[in-house]
Amino acid sequence: MVENTQDRCRILVVENSDDVRAGLAAELTKLGHHVVATGERDEALARNDLARFDLIVSDLVHQEPPDTASVRSFKVGVTSSRTRRAIQELHDIIEKTLAFKLRRIGAAQTSHDVREKIDLELPSDLSLMNSVLEYLLDRVAKLGLVQIEQSNLFVALDEAFVNAVKHGNRNDPEKLLRVTAELSAREAIFTVEDEGDGFDVREIPDPRDPANLFKSSGRGVLLIYNIMDEVEYSERGTRLKMVKRPEILPHTGSV
């Protein structure tokens, strides 16, 4: 519970399900923060005090054209530098939010009927990453994408997060880590972007070279390349895109 009202975070919850909106608002209010909840995205964007919120949590479902079903979009974004510095406080908020979403997310929808896009913007602190990893792996498993334990997906995502936080943003909590996951029954696309100076992936020493046997650098990147089906670094090296597909693609019924 946050005792000092000056330390309370202002949180905006945008959720078009009445019971989920009320439930999440109640959970975050219990932590001692000021929560405003709305069910309309346009109403939220039109607020003249939008910049005063420290954290925005949105979860909206909309319908695509006839041959595709619902698309779920979930986003958590940190908006103020004050909140970025309050890592423990933010950790509790993020953990509570993701745990709530895991309990309440649309269990009635089958894996072939849903595509999800998850956007997270977080301060560069590794203590926040366990909850994020747990959430993403749960969503991948629920959509029937891959066998989590056999895929080593946890290892690849963990290495990507650690590299972005430690080597990209230099553990600076004032710099954001942006994580995006686009999930369907056919593939999982993960993007991890930092606000660092960048690097050239081609200049990383090859850990398989005997000359680099005792060097730790490069091992994480090699693991990511070996685990994921596609790996692509941006020109500056600040954005990493990874694709993982199931060994056997499910039959969706569409041509």
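Summary table below
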read-out	value
Residue that is modelled with the highest pLDDT, among those in the stretch 63-88 that are over 20 Å from Glu182 (Cα atoms), among the charged types (D, E, K, R) and surrounded by fewer than 18 Cβ atoms within 10 Å (Cβ to Cβ)	Arg82
Of the criteria (1) out of contact with any strand residue (DSSP E or B) (no Cβ under 6 Å at 6 or more places or on another chain); (2) under 18 Å from Ser124 (Cβ atoms); (3) surrounded by fewer than 18 Cβ atoms within 10 Å (Cβ to Cβ), which one Gln147 fails	(2)
Unmet criterion (only one of (1) among the small types (Gly, Ala, Ser); (2) in a helix (DSSP H, G or I); (3) within 15 Å of Leu240 (Cβ to Cβ)) for Ala141	(3)
Residues being part of a strand (DSSP E or B) and free of Cβ contacts under 8 Å to residues at least 60 places away in the same chain - total across the stretch 71-88	7
Tally of residues being under 14 Å from the mean Cα position of the chain (by Cα) and either among the charged types (D, E, K, R) or in a strand (DSSP E or B) (or both) across the stretch 148-182	8
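The values are calculated or read from the model by the stated rules, or taken from the named source; none is laboratory data. In this text, all values refer to a predicted model and were calculated from it rather than measured experimentally. Using ideal geometry, Cβ is built from the backbone for each residue, glycine included, and neighbour counts are taken over all protein chains shown.
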